[in-house]
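Structure first, then comments.
The values are calculated or read from the model by the stated rules, or taken from the named source; none is laboratory data. Model, not experiment: these values are computed from the prediction. When we count neighbours, we look across all protein chains shown, and the Cβ atoms used for this are built from the backbone with ideal geometry, even at glycine. Note: areas computed on protein heavy atoms with side chains; ligands, DNA, RNA excluded. Shrake-Rupley method; radii C 1.70, N 1.55, O 1.52, S 1.80 Å.
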Amino acid sequence: MNQNRQAPIGVFDSGVGGLTVAREIMRNLPSERIVYFGDTARVPYGSKSKEIVLKFSRQIVRFLQLQDVKAIVVACNTASALALEEIKKEIDIPIIGVVEPGAKVAASVTKNKKIGLIGTKGTVHSKLYPEIIHSYDKEIQVFGQPCPLFVPLVEEGWLKDDVTVEVARRYVTPLLEQGIDTLILGCTHYPLLRSLIQKLVGDSVTLVNPAYETAKELERLLKSKGLENLQDVQEEFPYRFYVSDAAEQFQDFANSILPYDVKMTKQINIEEY
């Protein structure tokens, strides 16, 4: 285990979605360095089998370990749902996913015990969110809704487009008909659609953003392990970005959503790990 407080946090996702998690870490833990890996060559994970998602996640974790990270955040709901528990047993550095922190908060904020979950097919069908929520309260009902079109729309940059509004309305209407009072944005791309979704569901529905909750969970984890960086970051580039394909496209997207100018994104062959 890397006990160096100055070592970076490894963050990975199937593509650009995990940047919403990186963004929350930057905001909430400004003295931490980050090594981010986006698996842009093999995105999306949401429609792939558990075996494949586990294989990909293991390769990425090996790459991040070689970057000497002190902790890893699986900033992908699908990989958190399908691979996290296995990988936890295989490595000796702290690793957290995005599902547990979001589920925990959703269970604590619902008043009428009806929670909606939007996510990829992989996340919704894995049943992990309801499982964790039920560990806090058996009586809560969780209504899942796969939203496969959201990821391509977000990556296209159509965050406020009429097409996206119409697609979102179709996805959330069945959940509203169930009378939900809480909605989990169960994919890291979805916080970028937050204001649009909030408008559609109305103020009486609380949106839970697992990206934010994960940054807070990471903060607690680092403190409990004595790993938080206590010094201000001196270097010019505390954040490093790696992808498996389309580095330029990734960088443009990153610069459109991060509070930090991404100067360099490096493409690597993840299959070698």
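Laid out as a table, the results:
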item	result
Selected from ALA83, ALA107, ALA41 as most flexible by GNM, with the chain as the system and alpha-carbon contacts under 10 Å	ALA41
Listed residues PRO238, PRO148, PRO210, most fluctuating in the chain (Gaussian network, C-alpha, under 10 Å)	PRO238
Structure-derived Rg/Rh (Cα atoms, Kirkwood Rh) - corresponding label in [x] 0.97; [y] 0.95; [z] 0.93	[y]
Highest average packing first - 188-196, 124-132, Cβ atoms within 10 Å	188-196, 124-132
Too-long pairs where the Cα-Cα distance tops 20 Å, listed order kept, from LYS104/LYS216; LYS113/LYS160; LYS48/LYS121; LYS50/LYS266	LYS113/LYS160; LYS50/LYS266
Of the trypsin sites (Lys or Arg not before Pro) in segment 37-121, those whose Cβ has at most 10 other Cβ within 10 Å and which sit in DSSP loop	LYS111
Fraction of accessible area attributable to carbon and sulfur, the chain (%, probe 1.4 Å)	48 percent
Cα long-axis angle, helix 19-28 against the chain (0 to 90 degrees, to the nearest 10)	70 degrees
Relative contact order computed over segment 100-210 (Cα-Cα under 8 Å; 6+ residues apart), in percent	36 percent
The chain: angle of helix 247-257 to the longest principal axis, Cα-based, in degrees nearest 10	60 degrees
Average accessible surface area per residue within the chain, 1.4 Å rolling probe, Å²	44 Å²
C-alpha center-to-center spacing [segment 231-264, segment 45-107] in angstrom	21 Å
